[in-house]
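The values are calculated or read from the model by the stated rules, or taken from the named source; none is laboratory data. This structure is a prediction, so every number in the text was calculated from the model and none was measured. FYI the Cβ positions are ideal-geometry reconstructions off the backbone, even for glycines, and counts take in every protein chain you see.
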Amino acid sequence: MKKSRKELILEDQIIDILMQWLSNDGWIITSFCKGSKRGIDILAKKGTKVFIIEAKGAKGNPEHASTKKDKFNSGQINTHFGMAIIKVLKERNKFPNAQIAIAHPEDEYIRRVLSPIIPHLKKAGIRFLWVNLNGTVME
């Protein structure tokens, strides 16, 4: 029997937590996308600064018909992570001076899959955020 991971965080929950975290730090959320909407997950501004965040969850939204598994496997995590990198780099092209970040839930399994890659993000100017259900966000 496989060991079950703790409560898995959905992408929409990550977005909600990040918007609160940003607001608490003085950022104004100018747009966000939740559910099946396409676009920048979070676009925030503080004065002349712009912050763009692409969020990922630990499993698919159970309300979507395409969600068949109760959690993402390593292949899905890597695929979603790769798509997130491409997305934030495209946004960097539109907003060259923006801070850009990718956010994932603080999850032992996801951390194990992504940890070897995350240090290389900093070299590319991409921040990485670990998000907890309790509202904490860590880099």
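Comparison of S115, S23, S36 shows that the only residue that is under 18 Å from L129 (Cα atoms), at pLDDT below 95, over 13 Å from the mean Cα position of the chain (by Cα) and among the small types (G, A, S) is S115. Among residues of the range 6-62 being in a strand (DSSP E or B) and in contact with an Asp or Glu (Cβ under 7 Å, 6 or more places away or on another chain), the one that is farthest from I126 (Cα to Cα) is F32.
Within the range 74-92, residues that are more than 15 Å from L121 (Cα to Cα) reach no partner that is modelled with pLDDT of 95 or more and loosely packed, with under 14 Cβ neighbours inside 10 Å with beta carbons closer than 7 Å at six or more positions or on different chains. Pairs meeting the criteria (first residue in the range 107-125 and within 15 Å of L8 (Cα to Cα), second residue at pLDDT 90 or above, beta carbons under 7 Å, at least 6 apart or on different chains) are I110/H104. Checked against the criterion of being crowded, with 16+ Cβ neighbours inside 10 Å, at pLDDT 90 or above and of a type in the set (A, V, I, L, M, F, W, C), the range 71-82 contains one or more residues that satisfy it. In the set (1) within 21 Å of H80 (Cβ to Cβ); (2) at pLDDT 90 or above; (3) in contact with a strand residue (DSSP E or B) (Cβ under 8 Å, 6 or more places away or on another chain), the condition left unmet by D16 is number (3). The set of residues from the range 92-139 being surrounded by 12 or more Cβ atoms within 10 Å (Cβ to Cβ), over 20 Å from I17 (Cβ atoms) and not aliphatic (A, V, I, L, M) comprises R92, F95, G125.
Going residue by residue through the range 103-111, is there one that turns out to be modelled with pLDDT under 90, part of a helix (DSSP H, G or I) and of a type in the set (V, I, T)? Looking through the range 103-111, none of the residues is modelled with pLDDT under 90, part of a helix (DSSP H, G or I) and of a type in the set (V, I, T). Looking at the structure I just gave you, is R127 touching a Gly at 6+ places or on another chain (Cβ under 8 Å), of a type outside the set (A, V, I, L, M, F, W, C) and closer than 19 Å to A44 by Cβ? No; evaluated as a whole, the condition is false for this residue.
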